[in-house]
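The values are calculated or read from the model by the stated rules, or taken from the named source; none is laboratory data. Remember, it's a predicted structure, so these values are computed and weren't measured experimentally. Cβ sites come from the backbone with ideal geometry, for glycine too, and all protein chains shown count toward neighbours. For the accessible areas, the whole protein counts, side chains as well, though only heavy atoms, and no ligand, DNA or RNA atoms are used. Shrake-Rupley method; radii C 1.70, N 1.55, O 1.52, S 1.80 Å.
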Amino acid sequence: MKKWLIGTLLLSLMLLAEPPSVEQLFNVQTTRVEKSTVRFSKTYYGSFVADEEKIAAVSPRFDGYVVKLYKKSLYAPVRRGEPLARVYSPEVFKAKEEYLSALRYAKKAPGRGMVASAKRKLQLLGVSESEIVRMKKSRKAEPLTTIYAPAGGYIFEKNVLEGGAFRAKSTLFRIVGLRRIRVEAKVSEPDIAQVMRADSFRITTRSLPGSFQGENPFLYPRIEPKTALATVRLDVENPRRELIPGMFATIRAQTAPKTVLTLPRTAVIRKMERWYVFKAGEFEGEYEPVEVTIEPIDSGRVAILSGVKEGDEVVDKALFLIDSDAQINGLF
């Protein structure tokens, strides 16, 4: 790597009786590469959202009419397997009678093919196994069919009334489980790498005391063009259902402490997609550009991953002057 004495202006000033020093001329300040124990720690803001994996839709596979509605209010809690509605469907009633006919025929002409086919049809229509077993024992087809909750949670959507009709594939209920919830945090693009390496995410809200732990960070593969912010999603255990969708959240992301070489941000300069420092040479005012690999720590410091070693002296601040002189001398 070439070295040089700063600037042609310095050469002309050397003719004076008392030439100014490099520090006097350019106000050059230096700093040393030091070892420090650091950790990334930064606060972000976001909100809680329902966990998509804990949302269940109740959509019958047949047309019908609601004879009795067990869950009549929105946001009512519901347990898995709890009855939601008692309905009548001509299609389902006909399938039940076909199943009973197959059972009667099987007594006269042994062979389970017809019975199995009729039973499979009931299962595909959504008739519960308990109702099929009960029908087989009683040899009676009930005109009404019960719709059960496929999962536990709260009814966040209800699109049916008692006495009303519904069509096949329409969503009667949407059940949202809150035992686990998610938080979406907005993160600036330069912070993405550090946030995804964080070892802990401490989450607080304005409405609840204490804090909650975020797990399984997932970066959505897009950045919002208007804000230049990315979204990181975290899973949060919520056994007491205290956290609910829509709550605002404060997220503190932290990495584990580690010992690294550090420099002030003002001691590095970016050129041609690379980072450089100006390392002091043997003589006063002598500097050379050295390529380094850095990693941001906070707003004031960077970690030096390669290029210089502990104790090396480098230029701090006023790098644009040094950089200009380096270009004049053909060092870049």
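Return yes when Thr293 is outside any loop (DSSP other than H, G, I, E, B) and either open to solvent by 30 Å² or more (accessible area, probe 1.4 Å) or small (Gly, Ala, Ser) (or both) and no when it is not.
Spelling it out, Thr293 is indeed outside any loop (DSSP other than H, G, I, E, B) and either open to solvent by 30 Å² or more (accessible area, probe 1.4 Å) or small (Gly, Ala, Ser) (or both).
Here are the criteria: (1) surrounded by 13 or more Cβ atoms within 10 Å (Cβ to Cβ); (2) within 22 Å of Ser41 (Cα to Cα); (3) of a type in the set (Lys, Arg). Tell me which single one Arg206 does not satisfy.
Failed condition: (1).
Find all pairs meeting these conditions: Cβ atoms under 7 angstrom apart; at least six residues apart or on different chains; first residue within the stretch 51-65 and touching a residue at least 12 places away in the same chain (Cβ under 8 Å); second residue part of a helix (DSSP H, G or I) and of a type in the set (Val, Ile, Thr).
Close Cβ pairs satisfying both conditions: Phe62/Val92.
Hey, can you tell me all the residues within the stretch 121-162 that are acidic (Asp, Glu), touching a residue at least 24 places away in the same chain (Cβ under 8 Å) and part of a helix (DSSP H, G or I)?
Once the filter is applied, which keeps residues that are acidic (Asp, Glu), touching a residue at least 24 places away in the same chain (Cβ under 8 Å) and part of a helix (DSSP H, G or I), the stretch 121-162 yields nothing.
Determine which single condition Ala141 fails, assuming it passes every other condition in (1) open to solvent by less than 60 Å² (accessible area, probe 1.4 Å); (2) touching a Pro at 6+ places or on another chain (Cβ under 9 Å); (3) farther than 25 Å from Val176 by Cβ.
Here Ala141 meets the rest and fails (2).
Quickly run through the stretch 82-100 and pick out the residues that are part of a loop (DSSP other than H, G, I, E, B) and either in contact with a Leu (Cβ under 6 Å, 6 or more places away or on another chain) or buried (at least 16 other Cβ atoms within 10 Å of the Cβ) (or both).
Ser89
Let me confirm something: among Val268, Val236, which residue is open to solvent by less than 50 Å² (accessible area, probe 1.4 Å) and at pLDDT 95 or above?
Exactly one of Val268, Val236 is open to solvent by less than 50 Å² (accessible area, probe 1.4 Å) and at pLDDT 95 or above, namely Val236.
Consider the stretch 296-321. How many of its residues are open to solvent by less than 50 Å² (accessible area, probe 1.4 Å) and among the charged types (D, E, K, R)?
2
Return the only residue of Arg79, Arg120, Arg39 being surrounded by fewer than 17 Cβ atoms within 10 Å (Cβ to Cβ) and closer than 30 Å to Val187 by Cβ.
Working: Arg79 fails: closer than 30 Å to Val187 by Cβ; Arg120 fails: closer than 30 Å to Val187 by Cβ.
Being surrounded by fewer than 17 Cβ atoms within 10 Å (Cβ to Cβ) and closer than 30 Å to Val187 by Cβ holds for just one of Arg79, Arg120, Arg39, which is Arg39.
Listed here are the residues, each with its yes/no results for (1) at pLDDT below 90; (2) assigned to a strand (DSSP E or B).
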position: Leu16; (1), (2): yes, no
position: Lys35; (1), (2): no, yes
position: Tyr45; (1), (2): no, yes
position: Ser73; (1), (2): no, no
